[in-house]
Amino acid sequence: MIKSMGVIGAGQMGNGIAHVGALAGLEVRIVDVSEEAVKRALDTIDQNMQRQVRRGMIQDEERKAALKRIKAGTDYALLKDSDIVIEAATENEQIKREILKKLVPFLKADAVIASNTSSISITRLAAATDRPAKFIGMHFMNPVPLMKLVEVIRGLATDDETYARVKELSERLGKTTASAEDFPAFIVNRILLPMINEAVYTLYEGVGSVEAIDTAMRLGANHPMGPLELADFIGLDTCLAVMQVLYDGLADSKYRPCPLLVKYVEAGWLGRKSGRGFYDYSGEKPIPTR
């Protein structure tokens, strides 16, 4: 049974994964490139757990115990005793491969490596390590503490034991698993991101405004969040990266990223995290930018 978990990347996904791991009773180690990022992650985890206490989802004693199970820093040696290490860095294959190569010398022989990639080939990432049989995809949904799904993706070499261990771990974290084949963007993003990209095309071609498109999909398709609002939440750079993986990997013109999405990313308008995307978040209420 997996008792200890390492997480590489202290951003939104990484701190969420650490959060659910610690609440499930695992010893958790978080590693990132800067002490500032690590401190921010620990503060975020504490704030999010306090919110869960206020909502009656967990007890304050559980929060305190979970926080004691988390250690964080910039040294990969922190991960040496981990039964599994989950890579949750930015959605860039080259960066992920470099992280994996750096990680391998610190791991114990039977440690599993998982990637939280939302679109990149698990088989290719596994080939950057010394243990393709013990490498797997664990795609958590954002925000991790609230969303119930983990896509589990086997690479070409992933063995049955690794799959079984990761499925059991996911369930211990309170998640339901969906098994996906190792094709670009797996299940959720293969369906979701082209819809978002089509919403951006609908804006680009002047069919509707930001507000009209989001209202139409919320009320007409019963979506909890409009596609452009959702794109801002995900991060427009991540949306573009996934569309590029789909376009490159499947060579089908229907996956061509919308030029307007490209332009927003080039402008640094990445959504909520940068304060501006399809909405401007500088005021009390988000205002559409088009």
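Just so it is clear, none of the values below were taken in a lab; they were calculated from the coordinates. None of the values given here were measured: they were computed from a predicted structure. Using ideal geometry, Cβ is built from the backbone for each residue, glycine included, and neighbour counts are taken over all protein chains shown.
Descriptive notes on the structure:
- Counting every other Cβ atom within 10 Å of each residue's Cβ, V33, V85 order from fewest to most as V33, V85.
- Calculated translational diffusion coefficient of the chain (10 °C, 1.306 mPa s; Stokes-Einstein with Kirkwood radius over alpha-carbon pairs) equals 80 µm²/s.
- Residue order, fewest to most surrounding Cβ atoms within 10 angstrom, among S4, S115: S4, S115
- Ranking L240, V188, A22 by how far each Cα lies toward the positive end of the dipole of the chain (charges on Cβ) leaves A22 at the top.
- Each Lys and Arg adds +1 at its Cβ and each Asp and Glu adds -1 at its Cβ; summed about the Cα centre, segment 137-232 shows a dipole of about 300 debye.
- Ordering L42, L100, L169 by the number of other Cβ atoms within 10 Å of each residue's own Cβ, fewest first, gives L42, L100, L169.
- Summarising the amide proton neighbourhood of I30: residues at separation of 5 or more, or on other chains, whose placed amide H is nearer than 5 Å comprise V7, K71, A72, G73.
- Of the residues I30, I70, I86, the one that moves most in a GNM of the chain with alpha-carbon contacts below 10 Å is I70.
- Translational diffusion coefficient (Stokes-Einstein; Kirkwood radius from C-alpha pairs) of segment 188-288 at 10 °C, 1.306 mPa s, in µm²/s: 117 µm²/s
- Karplus-derived 3J(HN,Hα), 6.51/-1.76/1.60, for each residue of segment 254-267, Hz, glycine and proline x: 5, 9, 5, x, 5, x, 5, 4, 4, 5, 4, 5, 4, 7
- Modelled FRET efficiency - R0 41 Å, Y204 with E181, Cβ distances, 0.05 increments: 0.80
- Value of [θ]222 nm, deg cm²/dmol, for the chain, DSSP H segments ≥ 4, -39500 (n - 2.57) each, nearest 500: -13500 deg cm²/dmol
- Computed magnitude of the charge dipole of the chain (debye, nearest 20; Cβ of K, R +1, Cβ of D, E -1): 500 debye
- Cα centroid separation - segment 213-290 against segment 6-35, whole Å: 26 Å
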